[in-house]
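Laboratory data are not the source of any read-out in this text; all were calculated from the coordinates shown. Quantities reported herein were computed from a predicted structural model and do not represent experimental measurements. Because the Cβ atoms are built from the backbone with ideal geometry, glycine has one as well, and the counts that use them run over all protein chains shown.
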Amino acid sequence: MERFGFVGLPNAGKSSLFNALAGGGALAAPYAFATTDPNIGVARVPDARLDALAEMSASRKVVHSTTEFIDIGGLVEGASKGEGLGNRFLAGIREADAIVFVLRAFTDPDVPGPTDPIEHLRIVETELTLADLESVESRIVRRRKAARSQPSDTALVDEVAALEAALEHLEAGTPLYRAWPHATCTESGSDAHRDALRSHFLLTDKPVMAVLNIGDDQLDDAKQLAEPIVAELPGAHVLPLCVQLEAEAAQLTGAERAELLEGLGLGQGALERFVSAAHGMLGLRTFLTTGEKESRAWTFRQGWRAPQCAGRIHTDFERGFIRAEVIEWTELLKLGSWSAARDVGRLRVEGKDYRMRDGDVVEFRFNV
């Protein structure tokens with residue numbers, strides 16, 4: 001399950017975003033440090049494809065994929081040196097798969113704090129970079145010493161080289177996601193550096209996206225308001241949301257929620273839009289399994305081959321992989337059942353080299 005850590009200044013709307021995505025559970029109050037301990041929530045990922053397949057198969061059980069959100073308290077300038085609640089907050093997102101900047105653009109005289117999202121971004125980037133700089137400085141001396149005593153340990157030598165490259169960028173005030181972009185990695189050796197640093201859980205060595213928190217009076221200008229952030233974070237997805245409205249909508253169910261979202265022009269709501277952007281950022285795709293007993297969605301990384309995807313279900317499936325029987329989900333729905341697809345020869349038999357595609361419906365054959 002992928003984990004997304006929310007980072008932003010006090011009163012930027014992190015807890016309200018958490019409530020919009022997880023359906024509530026976080027205190028959202030207009031004062032700093034209303035959140036003193038991380039809020040952790042799990043949300044079911046909406047997937048109309050899965051729902052349609054479950055109906056076709058008359059499945060007794062439907063299992064959506066899930067994602068996890070971590071809402072930490074607001075950062076302030078100097079957090080990396082202990083201001084506010086300092087590194088206690090930063091530690092809460094070290095093991096997140098990606099960072100979500102929550103940047104405030106709305107104005108409200110009853111909610112203190114800056115309303116310039118670029119200023120928000122500058123402060124949180126600086127604090128994350130300084131925290132990583134401190135981490136690297138504290139570790140690089142020991143790792144250099146260990147590498148000198150074990151020159152044949154190539155993994156250790158590579159780790160030191162990665163730490164030295166990271167140190168150079170961080171000392172210049174550059175977060176690693178700017179130095180080594182995840183989506184368009186062009187710097188020589190940057191992928192290897194990232195692999196070597198994985199065990200250090202550096203804050204800026206993660207993919208990033210931004211949620212621009214706008215007011216309900218700014219909805220018509222959402223795209224224009226997002227443009228400066230898009231320019232400032234090239235390659236990152238920037239999602240403008242009226243977080244307060246989305247949090248209110250999340251408290252409703254069924255027709256009431258759909259009516260509110262439609263009336264406000266919010267589409268399917270924050271969760272679906274967020275998950276689409278976040279999964280795209282991490283290169284996540286979904287394959288599906290369906291039957292009378294259960295229909296289920298499984299996430300995998302773009303480029304994974306069939307045995308790796310089989311391993312998402314059970315390690316035995318990957319270890320004893322023989323073949324995969326695959327069909328695209330819309331084609332299966334048109335045919336009406338798995339047995340009908342087999343009868344007309346529409347199931348593709350794929351081997352170990354097959355790269356799974358988003359929306360594949362599959363049955364794996366294995367032997368252990």
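Shown here is the pair-distance distribution of region 257-342: with all Cα-Cα distances grouped in 10 Å bins from zero up to the longest one, the shares run 14, 33, 33, 17, 4, 0 percent.
Under conditions of 20 °C and 1.002 mPa s, region 89-200 yields 135 µm² s⁻¹ as its translational diffusion coefficient, taking Rh as the Kirkwood radius over Cα pairs in the Stokes-Einstein equation.
Exposure proxy check: I118, I140, I93 ranked by fewest other beta carbons within 10 Å? Display every interim value, and only then the final one.
On the way: I118 14, I140 17, I93 24.
Fewest-to-most ranking of I118, I140, I93: I118, I140, I93.
Near R323, the amide H atoms lying under 5 Å from its own belong to R365; only residues 5 or more places off or on other chains count, and H is placed 1.01 Å from N. Region 287-349 and region 202-226 have Cα centres lying 36 Å from one another. Each Cα pair of region 201-322 feeds into the Kirkwood radius, which the Stokes-Einstein equation turns, at 37 °C and 0.692 mPa s, into a diffusion coefficient of 188 µm²/s. Counting pairs of Cα atoms in the chain, how many percent are more than 39 Å apart? Tail of the P(r) past 39 Å holds 26 percent of the pairs. Cβ crowding within 10 Å, taken as a proxy for footprinting-reagent exposure, orders I327, I72 from fewest neighbours to most as I327, I72. Ordering F317, F366 by the number of other Cβ atoms within 10 Å of each residue's own Cβ, fewest first, gives F366, F317. For the chain, adding -39500 (n - 2.57) for each run of n ≥ 4 DSSP H residues and dividing by the number of residues yields -12500 deg cm²/dmol at 222 nm.
Calculated on the alpha-carbon coordinates, the convex hull of region 303-366 measures out at 75 cubic angstrom per residue.
The mean of 1/r over all distinct Cα pairs in region 131-177, once inverted, gives the Kirkwood hydrodynamic radius of 10.9 Å. For a quick check, take a GNM of the chain with Cα springs below 10 Å and name the residue from A165, A155, A270 with the largest mean-square fluctuation. Answer for the Gaussian network model of the chain: A155.
GNM on the chain, alpha-carbon springs under 10 angstrom: the most fluctuating residue among A162, A98, A146 is A146. Taking the Cα-to-Cβ direction at R319 and at R44 and moving 7 Å from each Cα, how far apart do the two end points lie in nm? With each label point 7 Å from Cα toward Cβ, the separation is 3.2 nm.
Need one number: % antiparallel among DSSP beta bridges in the chain, to the nearest 5.
Numbers: 23 of 46 bridges.
Taking every DSSP beta bridge within the chain, about 50 percent pair in antiparallel fashion.
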